[in-house]
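No lab work stands behind these numbers, since they all come straight from the coordinates. Computed from a predicted model, the values in this text were never measured in an experiment. For neighbour counting, all protein chains shown are included, and Cβ atoms are generated from backbone atoms with ideal geometry for every residue, glycine included.
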Amino acid sequence: MTIAAPAKPARRAPRSRSSAETRIVRSIGEAIADRRLPPGTKLTEESLAEIFGVSRERVRKVLLLLAQRRVVTLIPNRGAFVAKPTAREAREVFEARRVIERSIMERLEGMPRPLPAEMLARLRDHETLEDAAEQAADRKAMIRLSGQFHLLLAEFAGNATLAGILADLIDRSGLAIAAFERQSSHTCSAEDHRRLIAALAGNAPGEAAALMIAHLDAVERQLDLDTKPETRIDLKAIFADEPA
């Protein structure tokens, strides 16, 4: 069983240049987030141009933008690849998310109580979608909805700059999870999100911010980020018993 995607809005024609590029960036970002494009995947301009119905020049600009966000790596004479973060880069991404998302939660905690009914309704509607995805074991939907939850909180905080930075960090943390996630782990639990919503609906100072930090810490702990020493191969030892 899979979770039905929300109905797509009717297409508007013609699309402006910026909206077309935004659409491609979003589509590639979502594919990376839900593991359809794992780290190291080659992104060919010709294929992407055909898929999205745009010119290779436009695809090239999109790939350059994604490279600036460190989601894509451009290698001279080889092309574009989905980035493969190092363990250090993964740690830095989660450190940055803790800084940004603590600020977002503190802004939300500073809002007058009770919180607007529309805000709580949207959060609980999203909670329902996450619950359904979890019950259906629809991992793709779970990953997508998890990122959307964090961006929804950023939207409510009312700081577009923070929301934009977070969107990039979510893409990069998705790469880190894809590269380093332990097979038995279950990242970004919907149960944690339920606790965050309950904390925001309440009025305990600092509770929601503390829960967010604990949540991000738990996700990072599920990654295998231990630096493994490089193994030196001694060819003489390996072939010591071979006849001369």
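Arrange SER103, SER173, SER146 by Cβ neighbour counts within 10 Å, fewest through most, would you?
Going from sparsest to densest Cβ surroundings: SER103, SER146, SER173.
Count the net charge of all other residues whose Cβ sits under 12 Å from the Cβ of SER173, scoring Lys and Arg as +1 and Asp and Glu as -1.
Charge balance near SER173 sits at -3.
Neighbour counts of other C-beta atoms within 10 Å: give me ARG97, ARG56 arranged from fewest to most.
Least to most surrounded, the residues fall as ARG56, ARG97.
On a full-extension model of 0.36 nm per residue, what is the gain between THR22 and ALA137, subtracting their alpha-carbon distance, rounded to one decimal in nm?
Length gained between THR22 and ALA137: 38.4 nm.
Long-range amide H contacts for LEU43: which residues qualify at under 5 Å (H placed 1.01 Å from N, peptide plane, sequence gap of 5 or more or a different chain)?
Amide H neighbours of LEU43, under 5 Å, 5+ apart: ALA80, PHE81, VAL82.
For the stretch 30-61 and the stretch 165-224, what is the separation of their C-alpha centers, rounded to whole Å?
28 Å
Extension gain LEU120-GLU89, at 0.36 nm per residue separation less the Cα-Cα distance, in nm?
Length difference between fully extended and current span is 7.7 nm.
Between ASP217 and SER103, take the C-beta separation as r, use R0 = 25 Å, and let me know the FRET efficiency to the nearest 0.05.
Working from the Cβ atoms, E equals 0.90.
Would you mind computing the Rg to Rh ratio of the stretch 17-82 from its alpha-carbon coordinates, Kirkwood style for Rh?
Ratio of gyration radius to Kirkwood radius for the stretch 17-82: 0.92.
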